[in-house]
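For reference, the structure discussed in these notes is given below.
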């Protein structure tokens, strides 16, 4: 008698492995998407805090994401994927509005909002002036809005 597996036994094993992969793969991909959304939410929170620290320390509004270099510990890893737009201090109420946007398209605004409650949906046109990138279709990106008050 020969020792070994029959073709039917091998096909059954392959079918079981394929069924397990069909169940496990979507769950793994969903975990990766959730982790990415959580990371973006944490970075938005860190950048929000950095904006507040910058304003209250420097007594001015950050003009670009590069102004926050000394206020965020992981700045070198996030500087290219986040954009910053601002509206300087209003002379009437002393408020300034800064919008921080995650400018990559690998996570949805809804997924980030599920991980970080202060996140919202920002349109791509809100982070560029009309001349910067005038030929693109409006895209919705995750972001956060920071309102700071002039106290000095």
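The values are calculated or read from the model by the stated rules, or taken from the named source; none is laboratory data. All values derive from a computational prediction rather than experimental measurement. When we count neighbours, we look across all protein chains shown, and the Cβ atoms used for this are built from the backbone with ideal geometry, even at glycine.
For segment 77-96, indicate whether the set of residues that are over 11 Å from the mean Cα position of the chain (by Cα) and part of a helix (DSSP H, G or I) is non-empty.
Within segment 77-96, one or more residues are over 11 Å from the mean Cα position of the chain (by Cα) and part of a helix (DSSP H, G or I).
Which of (1) surrounded by 14 or more Cβ atoms within 10 Å (Cβ to Cβ); (2) closer than 25 Å to residue 151 by Cβ is the odd one out, the single condition residue 63 does not satisfy?
(1)
Check whether at least one residue in segment 28-40 is in a helix (DSSP H, G or I), more than 15 Å from the chain's Cα centre (by Cα) and either under 21 Å from residue 123 (Cα atoms) or touching a residue at least 60 places away in the same chain (Cβ under 8 Å) (or both), and report yes or no.
No; the residues of segment 28-40 include none that is in a helix (DSSP H, G or I), more than 15 Å from the chain's Cα centre (by Cα) and either under 21 Å from residue 123 (Cα atoms) or touching a residue at least 60 places away in the same chain (Cβ under 8 Å) (or both).
From the list 117, 110, which one is assigned to a helix (DSSP H, G or I), closer than 23 Å to residue 37 by Cα and either within 14 Å of the chain's Cα centre (by Cα) or at pLDDT 90 or above (or both)?
Result: 110 is the single residue among 117, 110 that is assigned to a helix (DSSP H, G or I), closer than 23 Å to residue 37 by Cα and either within 14 Å of the chain's Cα centre (by Cα) or at pLDDT 90 or above (or both).
Residue-by-condition table, conditions (1) in contact with a strand residue (DSSP E or B) (Cβ under 6 Å, 6 or more places away or on another chain); (2) in contact (Cβ under 8 Å) with a residue 60 or more places away in the chain; (3) surrounded by 17 or more Cβ atoms within 10 Å (Cβ to Cβ); (4) under 22 Å from residue 149 (Cβ atoms):
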residue	(1), (2), (3), (4)
48	yes, yes, yes, yes
51	yes, yes, yes, yes
55	yes, yes, yes, yes
83	yes, no, yes, no
95	yes, no, no, yes
105	no, no, no, no
110	no, no, no, no
117	no, no, no, yes
